[in-house]
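Right, one structure below, let's go through it.
The values are calculated or read from the model by the stated rules, or taken from the named source; none is laboratory data. This is a predicted model, so every value here is computed, not measured. Don't worry about glycine lacking a Cβ; one is built from the backbone with ideal geometry, like all the others, and counts go over all protein chains shown. For accessibility, only protein heavy atoms count, side chains too; no ligands or nucleic acids. Shrake-Rupley method; radii C 1.70, N 1.55, O 1.52, S 1.80 Å.
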Amino acid sequence: MVATSARLAKTITGLPPCCLRIHPNDASCICIGTYKLEEDTGIKHGSLDVYKYDSNESISLITSIPTTSAILDIKFNPKEASQLTSVHSNGHLIIWSIKNYEISIVKEVVIDEDESNCITSIFYNPNDPNQVLVTLTDGSVAIYNLISGTTSFLDSQHTLECWTGSFGELGQLQHVVYTGGDDSQLIAHDLRTSQPIWTLSRGHNAGVVSILSPSSLWNSSNGYLLWTGSYDDHLRVWDLRCIDKSNPSLMEGYIPKKLHEENLGGGVWRLIPSPIENDNRLLSCCMYDGARIISTNGADFTVDRYFKNDHESMSYGGDWSSNGSYIATCSFYDKVVQIWSPDKLEK
């Protein structure tokens with residue numbers, strides 16, 4: 001039986017929380033993007049909320065900025081922690097400045113003029129933080145350049161909603177972007193040509209909703225592996241190597257090999273690696289069944305910790321504190337945010 005982690009704090013948000021990130025340089029600062037659909041009008045709106053988690057194990061709202069569209073994802077710039085970018089239900093992204101719990105809009109960018117085309121996720125390129133990857137509900141994938149202000153759509157796209165993506169970071173994989181969609185497809189795109197390298201159509205039994213590439217801090221010795229999570233409740237690990245096993249590159253048309261899969265008991269919506277160097281644990285937000293801490297060893301993994309408590313609805317957002325001392329997760333319809341320990345157990 002998997003051990004249950006101890007809860008440290010809880011709060012209720014004003015609007016349903018869709019995404020959550022903890023400030024990389026301030027473990028007490030938690031940012032949350034919210035998403036509200038008004039059933040009678042069909043209007044979507046939200047807010048960017050900033051909370052403080054203090055040493056007395058209490059969490060309090062510091063500021064909330066309403067947005068005229070709903071927020072689906074937020075990410076901090078890995079090279080500039082005072083910059084946060086949110087992506088929205090109207091096809092826009094907003095770049096924010098955040099300092100001492102205060103937030104302000106720096107720039108709003110129109111990615112798609114069609115305001116019914118929601119941006120579902122955003123990812124900074126770890127090798128070039130001036131580039132961000134955005135995925136959209138029409139199945140398209142775009143790279144936005146923060147310096148030039150230009151948007152480039154990749155030639156390959158999904159036939160249904162594109163939910164998630166990941167930049168390759170290590171070795172020969174730095175020119176690759178992976179995306180997953182509601183069509184159950186995992187696509188590897190070549191950033192140098194905008195062309196697809198391969199499409200994996202039969203590896204998942206439902207939509208691909210999370211992808212994780214090894215990085216310089218997480219699983220760096222296994223750069224040839226790729227982790228994917230799906231609506232079908234499974235976490236899977238793939239071997240991307242082609243003919244030369246010592247050279248983790250991709251070959252056009254060569255389909256990766258599945259090495260390991262396990263049913264986590266809930267849709268694997270988010271995969272967030274531990275921020276601590278040489279700590280190869282992984283946080284998974286498992287939608288309708290809380291969250292998991294997963295220990296990884298190469299392509300093998302085991303579920304180490306379980307946490308649900310008052311997450312009675314869809315657990316979409318989560319993150320580790322920068323010092324690894326706590327995890328924050330949120331659930332949507334019940335508007336619950338909980339702080340819990342990755343190490344301490346429930347008494």
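For the stretch 126-144, the set of residues classified as at negative phi and either open to solvent by less than 10 Å² (accessible area, probe 1.4 Å) or among the small types (Gly, Ala, Ser) (or both) consists of Val132, Leu133, Val134, Thr135, Leu136, Ser140, Val141, Ala142, Tyr144, listed by residue number. Within the stretch 287-309, the set of residues being part of a loop (DSSP other than H, G, I, E, B) and among the aliphatic types (A, V, I, L, M) comprises just one member, Ala299. Which count do you get for residues in the stretch 273-296 that are open to solvent by less than 10 Å² (accessible area, probe 1.4 Å) and closer than 12 Å to Leu217 by Cβ? Qualifying residue count, the stretch 273-296: 1. Scanning the stretch 48-63 for residues that are under 14 Å from Ala27 (Cβ atoms) and open to solvent by 30 Å² or more (accessible area, probe 1.4 Å) yields Lys52, Asp54, Ser55, Glu57. Under the condition of being under 22 Å from Glu161 (Cβ atoms) and among the basic types (Lys, Arg), the residues counted in the stretch 27-79 number 3. Taken over the stretch 180-202, residues that are closer than 20 Å to Cys286 by Cβ and open to solvent by less than 10 Å² (accessible area, probe 1.4 Å) amount to 3.
For the stretch 213-221, the condition of being open to solvent by 20 Å² or more (accessible area, probe 1.4 Å), at pLDDT below 95 and in a helix (DSSP H, G or I) holds for at least one residue. Taking only pairs six or more apart or across chains, which ones have beta-carbon atoms under 9 Å, a first residue in the stretch 65-94 that is at positive phi, and a second residue that is crowded, with 19+ Cβ neighbours inside 10 Å and hydrophobic (A, V, I, L, M, F, W, C)? Filtered contacts from the stretch 65-94: Gly91/Ile111; Gly91/Cys118; Gly91/Ile119; Gly91/Leu136.
Open to solvent by 20 Å² or more (accessible area, probe 1.4 Å), touching a residue at least 12 places away in the same chain (Cβ under 8 Å) and farther than 24 Å from Lys308 by Cβ - does that describe any residue in the stretch 2-18? No, the stretch 2-18 has no match at all. Being open to solvent by 10 Å² or more (accessible area, probe 1.4 Å), at pLDDT 95 or above and in contact with a helix residue (DSSP H, G or I) (Cβ under 9 Å, 6 or more places away or on another chain) is a description that does not apply to Thr302.
Looking at Ser341, Ser284, can you tell me which residue is in a strand (DSSP E or B) and more than 17 Å from the chain's Cα centre (by Cα)? Working first, answer last.
Details: Ser284 fails: more than 17 Å from the chain's Cα centre (by Cα).
Every option except Ser341 fails the conditions.
Is it the case, given these coordinates, that Ser97 is surrounded by 21 or more Cβ atoms within 10 Å (Cβ to Cβ), small (Gly, Ala, Ser) and in contact (Cβ under 8 Å) with a residue 12 or more places away in the chain? Taking the combined requirement at face value, the residue does not satisfy it.
On the basis of being in contact (Cβ under 8 Å) with a residue 12 or more places away in the chain, surrounded by fewer than 21 Cβ atoms within 10 Å (Cβ to Cβ) and at positive phi, does Gly265 make the cut? First the steps, then the outcome.
On the way: in contact (Cβ under 8 Å) with a residue 12 or more places away in the chain: yes; surrounded by fewer than 21 Cβ atoms within 10 Å (Cβ to Cβ): yes; at positive phi: yes.
In short, yes.
The C-beta contact set for the stretch 123-140 (first residue closer than 16 Å to Ser213 by Cα, second residue open to solvent by 40 Å² or more (accessible area, probe 1.4 Å) and of a type in the set (S, T, N, Q), distance under 6 angstrom, 6+ apart or interchain) comprises Asn125/Gln131; Asn127/Gln174. For the stretch 316-323, the criterion of being part of a strand (DSSP E or B), touching a strand residue (DSSP E or B) at 6+ places or on another chain (Cβ under 6 Å) and among the hydroxyl-bearing types (Ser, Thr, Tyr) is met by at least one residue.
Here Glu312 qualifies as open to solvent by 20 Å² or more (accessible area, probe 1.4 Å), touching a strand residue (DSSP E or B) at 6+ places or on another chain (Cβ under 7 Å) and outside any strand (DSSP E or B).
When residues in the stretch 43-79 are screened for being assigned to a strand (DSSP E or B) and either at pLDDT below 95 or basic (Lys, Arg) (or both), 3 of them pass. Tell me which of these Ile276 doesn't satisfy, since it passes every other one: (1) of a type in the set (A, V, I, L, M); (2) assigned to a loop (DSSP other than H, G, I, E, B); (3) under 20 Å from Asp73 (Cα atoms). The one condition Ile276 does not meet is (3). For the stretch 2-20, the condition of being closer than 25 Å to Ser97 by Cβ, among the basic types (Lys, Arg) and either assigned to a strand (DSSP E or B) or more than 17 Å from the chain's Cα centre (by Cα) (or both) holds for none of the residues.
Against the list (1) open to solvent by less than 10 Å² (accessible area, probe 1.4 Å); (2) free of Cβ contacts under 8 Å to residues at least 24 places away in the same chain, the condition Thr150 fails is (1).
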